[in-house]
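The structure appears right after this line, and notes come after that.
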Amino acid sequence: MKSILVINPNTTESMTHAIGLAARSCASPDFEILVSQPSFGPRSIEGHFDEVIAAAGVAEQVRLHAERPLAGVVIACFGDPGLDAAREATDAPVLGIAEAAFHAASMLATGFSVVTTMTRTCILAERLVQRYGFERQCRGIHGTDIPVLALESDPEQVLDVLETSAREAMLRDRSGAIVLGCAGMAAQCHALQDRLGVPVIDGVAVAVKWIEALSSLNLRTSKRGDYADPLPKEYLGWSAPLGWPAKSGF
């Protein structure tokens, strides 16, 4: 059986569990879902500082699983923290859920809107839209100001808020699909799609399915150029176990 590592970059165990359920619900029987979270870092990721620490946590988890054969890695946070570092640390395909969701949405509608959690994180999503080249397809990013950790507190109320925000977004942006801007919203995806009658994209599910596809095609992350293995060197302090061992020869 092939294994897909799904990393929740925050340190809230209940959210890690929920993300695992979402991933397993769509995974094929031939693929095992391994779910992990960093040993350090923020309980939720709602700003630049949180994201930097979380990126180190993602790197830690990929490094700790480096010796295990993996079909792929999913970074289950909409900021895609640590994506490039993870691709250096493994030759398994690594997908961030924002990158995966943007690609999927662009195949299903000429324009899409993102509905996310805190308004202050919208700029983070905007930068990812620019990085991945979806400025023309992404017509708007809308914050609901639902704190990440509140997504699990009252699912029905959260669903109502997401529906209201999504309807306003589609009207304002003239978009035909909704991208959910947080891994913690995965549980609301199907119900929201039923209510809206348009494609609603959860990046966790899309990333898992695309990892399966890449694995079936025997495609791995290129190790030529900037995604080559990290250079061997000593790390100090808490990161000492993450240092890359020296290889024989030059």
Criterion violated by Lys209 - all others in (1) among the charged types (D, E, K, R); (2) more than 30 Å from Ile33 (Cβ to Cβ); (3) part of a helix (DSSP H, G or I) satisfied
(2)
Scan Ala105, Ala92, Ala125, Ala27 and give me the residue that is over 26 Å from Val200 (Cβ atoms), in contact (Cβ under 8 Å) with a residue 24 or more places away in the chain and not polar (S, T, N, Q).
Ala92
Is it the case, given these coordinates, that Glu163 is free of Cβ contacts under 8 Å to residues at least 60 places away in the same chain, surrounded by 13 or more Cβ atoms within 10 Å (Cβ to Cβ), touching a Lys or Arg at 6+ places or on another chain (Cβ under 9 Å) and not aliphatic (A, V, I, L, M)?
yes
What is the one condition in (1) over 14 Å from the mean Cα position of the chain (by Cα); (2) closer than 29 Å to Asp145 by Cβ that Ile19 does not satisfy?
(1)
If Gly225 satisfies every condition in (1) without any contact (Cβ under 8 Å) to a residue 24 or more places away in the chain; (2) in a loop (DSSP other than H, G, I, E, B); (3) not assigned by TED's automatic domain parsing to the domain that holds Ala89 but one, which is the exception?
(3)
Scan the range 46-81 residue by residue and report those that are under 19 Å from Ala22 (Cβ atoms) and either acidic (Asp, Glu) or assigned by TED's automatic domain parsing to the domain that holds Cys182 (or both).
Asp80
Given the condition at pLDDT 95 or above, closer than 20 Å to Glu46 by Cβ and either polar (S, T, N, Q) or exposed (fewer than 13 other Cβ atoms within 10 Å of the Cβ) (or both), answer yes or no: does some residue in the range 174-181 qualify?
no
Lone unmet requirement of (1) touching a residue at least 60 places away in the same chain (Cβ under 8 Å); (2) under 30 Å from Ala59 (Cα atoms); (3) surrounded by fewer than 16 Cβ atoms within 10 Å (Cβ to Cβ) for Lys233
(1)
Of all residues in the range 88-104 being touching a helix residue (DSSP H, G or I) at 6+ places or on another chain (Cβ under 9 Å) and farther than 25 Å from Leu149 by Cα, the one that is surrounded by the fewest Cβ atoms within 10 Å (Cβ to Cβ):
His103
If the Cβ limit is 6 Å and pairs must be 6+ apart or interchain, which residue in the range 181-200 that is closer than 19 Å to Gly143 by Cα pairs with which residue that is acidic (Asp, Glu)?
Ala186/Asp202; Cys189/Asp202
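The values are calculated or read from the model by the stated rules, or taken from the named source; none is laboratory data. The model shown is predicted, which means the values in this text are computed figures rather than measured ones. Note that each Cβ is placed from the backbone with ideal geometry, even for glycine, and that neighbours are counted across all protein chains shown.
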